[in-house]
């Protein structure tokens, strides 16, 4: 938890430095070039991989995101959302793991106009709400885990799409893997 706090403080310090000197505006007049801070919404669909698919099924969710321009082609990101998953029925046992991710990250474009291909890296807390049902007996748990992910995407003015690989629990890295993809829209900016 101390590592997460240290990383969060580091991102905030970088954010303060970004406000101290505004980034240069690229030549084109796209939405991201006109705003240092943008707010949007992301949709996401996820599929559990490996052992995780034995207890969890596909899910879809919605995230609120903010993006702060740090450099010409680098932004700091914050995404908070809810991702419910369908039940996985296996051998008379039904289970699922819903997630509330709270992620800090970075987004870096491969071009110089904050448009086109980008890479993203995120880390943060996943509030995992598990439920297992066998017949009439049910058990639930709520666990907070540290997770991270990386992905690639494409930005076109206010719209973006991305694919990513996440682990919802770094302590059990291979047993909590998800592949996700989604579309996002940035609807406001400062």
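What follows is calculated from the coordinates using simple rules that are stated; it is not laboratory data. Because the structure is a prediction, the values reported are computed rather than measured. Reconstructed Cβ throughout: ideal geometry from the backbone, glycine too, with neighbour counts over all protein chains shown.
Numbers below:
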| item | result |
| --- | --- |
| Förster-model FRET efficiency, 22 Å R0, residue 183 and residue 110, C-beta, rounded to 0.05 | 0.65 |
| Rough spin-label spacing in nm, given labels placed 7 Å along Cα→Cβ, for residue 51 and residue 117 | 3.5 nm |
| Percent of Cα-Cα distances greater than 17 Å, calculated over the range 121-161 | 59 percent |
| Computed FRET value (nearest 0.05) for residue 41 with residue 175, which takes r as the C-beta separation and R₀ as 35 Å | 0.70 |
| FRET efficiency, 1/(1 + (r/R0)^6) with R0 30 Å, evaluated for residue 144 and residue 90 via beta carbons | 0.70 |
| Length added when fully stretched, residue 62-residue 134, from 0.36 nm per residue minus Cα-Cα | 23.0 nm |
